[in-house]
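The structure appears right after this line, and notes come after that.
The values are calculated or read from the model by the stated rules, or taken from the named source; none is laboratory data. These numbers were taken from a predicted model, which means no experiment stands behind them. As a convention, Cβ positions derive from the backbone with ideal geometry for all residues, glycine included, and neighbour counts pool all protein chains shown.
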């Protein structure tokens with residue numbers, strides 16, 4: 001899979017935004033998405049501290065879907081080169097990734113967890129903050145020249161789908177458990 005000419009144009013536009021402060025901020029933001037660790041920590045914290053565990057299980061399942069679909073599946077099937085592999089004239093602010101580019105794992109995991117949270121009304125404010133952070137992480141991947149725009153778009157869409165699917169499954173399981181409890185009590 002190659003890239004569209006407009007994608008390199010957009011990435012070059014991002015290169016024009018670079019300045020010392022923004023460079024540092026983007027490196028920190030993107031590092032939150034490395035290996036999904038921030039989202040894993042958030043999910044574990046929700047398992048420990050949230051009274052309604054559905055939100056945590058939804059995030060955990062969505063992250064698992066992201067790992068399987070994106071990192072174990074599509075990246076290796078599609079085998080798309082990263083922009084930093086094609087144009088080595090750009091000064092890299094992060095270590096050049098060794099895995100393939102499509103789709104963005106950072107975007108997928110970030111949106112999977114963030115949308116998992118925002119689905120639950122009780123956690124809507126936290127979910128909105130998580131979605132904003134997911135957007136920042138996705139944009140950082142373009143700014144840092146490690147993903148094509150369509151990688152980030154596909155990762156974002158997949159993350160949303162993974163979260164919605166995880167939410168459906170978790171709500172179904174909880175509903176069945178409640179029905180079983182009611183039958184046992186009677």
Kindly indicate whether residue 157 is touching a helix residue (DSSP H, G or I) at 6+ places or on another chain (Cβ under 7 Å), closer than 22 Å to residue 55 by Cβ and at pLDDT 95 or above. no
Hits in the stretch 109-137 - residues which are more than 21 Å from residue 165 (Cα to Cα) and buried (at least 24 other Cβ atoms within 10 Å of the Cβ): 137
Of the numbered conditions (1) closer than 27 Å to residue 5 by Cα; (2) at pLDDT 95 or above, residue 66 fails exactly one; give the number of that condition. (1)
Just give me the residues in the stretch 69-81 being surrounded by fewer than 22 Cβ atoms within 10 Å (Cβ to Cβ) and under 15 Å from residue 113 (Cβ atoms), in sequence order. 69, 71
Could you tell me whether residue 88 is at pLDDT below 95 and farther than 18 Å from residue 136 by Cα? yes
